[in-house]
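Here is the structure we will look at, set down as structure tokens.
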Amino acid sequence: MSETADSVLSIRNLKTYFFLDEGTVRAVDGVNLEIPKAQTIGIVGESGCGKSVSAFSALRLVAEPGEIVEGEIILHREDGDVVLTDLDDEGEQIRSIRGKEISMIFQEPMTSLSPVHRVGAQIVEAVELHTDLQGQDAMDHAIHMLERVGIPDAPRRATEYPHELSGGMRQRVMIAMALSCQPSLLMADEPTTALDVTIQAQILELMRDLQTEFDMSIMLITHDLGVVAEMADEVAVMYLGRVVEQGSVERIFVAPKHPYTKALMRSIPGIGGGRKTELHTIEGSVPDPFTRPKGCPFHPRCEEAVKGVCDVGDRPELIEIEPGHDVACVLYREEAVDA
Ligand SMILES: Nc1ncnc2c1ncn2[C@@H]1O[C@H](COP(=O)(O)OP(=O)(O)OP(=O)(O)O)[C@@H](O)[C@H]1O
Ligand SMILES: [Mg+2]
């Protein structure tokens, strides 16, 4: 795993569970992840593997019946570390971090937009809270951000309510808001899925520009491996609440190690002969969230599973098999760098 010194955020053995009447959903079940400074890390994996819940956990937005039950999330600042998992989730400290140092583009725009306030005023509120800009200066900045995300006639649009905007426009307003205070870490959860390709390209370019301008780190959660290939420096692959492989985008796309990653990569057109871009083409389906297979949770679907090895014992740990490339699979146990 990359060194903490190069990370803006470290997630260590994070476990976030939902306690339901039907049982416990182990949404995030031992995630280890380093978010590199001023780079983009793509987070991929099938629906339900815990990508969004990992991001919510960092912002301390997990609500009842969910709970962070174990692990640490550490924000690395110039002037020292802040252990986010130690903070009161309603307290002043996390509020000053949310939307300022760490901001999030949510999968569902209405999660972060208030239906009863004009969109310009909502951006202004964040800007006034987190920066020195106030009053008209804050509004000018909000309008400038709306223009940067490609909203035509931004001064007028700023006076509208979310319901007066199309879905794609709401998404762009949320992106403008997320970027308005120059976060050091942007968590973007399917930021462009709802947008048409032209706008998508524009938004990705804007994220890249701001990344260079402000040394911003981006945690990019997406099902679109094309976007990951284009945007990411690093990739983390998740399966059933854990990271099963992390490495540079070149390694993950060209020489994936984990059988799950290999299967994901085969589903991209042009790589491995697959034709579909979606990830759901892998044999078998994800086990139900209440019960986990013994041993490696991927073994029932794995083409390379070894009987008596992969279906017994604990889940394989993430081990470094070459500098900066980690895999959680028994097939590579002997290749551990420090073994
Ligand atoms: N509020 C909640 N209550 C109960 N279970 C939840 C809740 N939020 C998430 N989960 C469960 O936690 C697991 C992980 O969910 P999460 O939203 O992180 O998946 P994801 O990887 O983001 O999937 P997708 O790609 O579909 O967005 C899933 O099994 C989901 O059903
Ligand atoms: Mg999600």
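The values are calculated or read from the model by the stated rules, or taken from the named source; none is laboratory data. Here the structure is a predicted model, which means the values were calculated and not measured. Please note: Cβ atoms are built from the backbone with ideal geometry, for glycine as well, and neighbour counts cover all protein chains shown.
Quick look at the values:
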item: Where residue 68 falls short, out of the listed (1) within 16 Å of ligand 2 (Cβ to nearest atom); (2) buried (at least 19 other Cβ atoms within 10 Å of the Cβ); result: (1)
item: Residue match in the stretch 269-292 (condition: surrounded by 15 or more Cβ atoms within 10 Å (Cβ to Cβ), modelled with pLDDT of 95 or more and touching a His at 6+ places or on another chain (Cβ under 8 Å)); result: no
item: Helices (runs of 4 or more DSSP H) completely within the stretch 113-180 that count 1 or more residues being modelled with pLDDT under 95; result: 119-130, 135-148, 167-179
item: Residues located in the stretch 39-53, provided they are more than 10 Å from ligand 2 (Cβ to nearest atom) and at pLDDT below 95; result: 46
item: Of all residues making up the stretch 225-263, the number that are within 29 Å of residue 291 (Cα to Cα) and either of a type in the set (Lys, Arg) or modelled with pLDDT under 90 (or both); result: 3
item: The stretch 9-35 - residue that is farther than 22 Å from residue 64 by Cβ and of a type in the set (D, E, K, R) and, of those, surrounded by the fewest Cβ atoms within 10 Å (Cβ to Cβ); result: 12
item: So residue 105, is it crowded, with 23+ Cβ neighbours inside 10 Å, at pLDDT below 95 and within 14 Å of ligand 2 (Cβ to nearest atom); result: yes
item: Residue within the stretch 5-25 that is polar (S, T, N, Q), over 16 Å from the mean Cα position of the chain (by Cα), part of a helix (DSSP H, G or I) and away from ligand 2 (no atom under 15 Å from the Cβ) present; result: no
item: Qualifying residue in the stretch 27-34 (condition: assigned to a strand (DSSP E or B) and within 9 Å of ligand 1 (Cβ to nearest atom)); result: yes
item: Members of the stretch 123-165 found to be touching a residue at least 40 places away in the same chain (Cβ under 8 Å), over 14 Å from residue 100 (Cβ atoms) and within 27 Å of the chain's Cα centre (by Cα), listed by number; result: 148, 149, 150, 162, 163, 165
item: Test: residue 57 is in contact (Cβ under 8 Å) with a residue 12 or more places away in the chain, closer than 23 Å to residue 317 by Cβ and not in a strand (DSSP E or B); result: yes
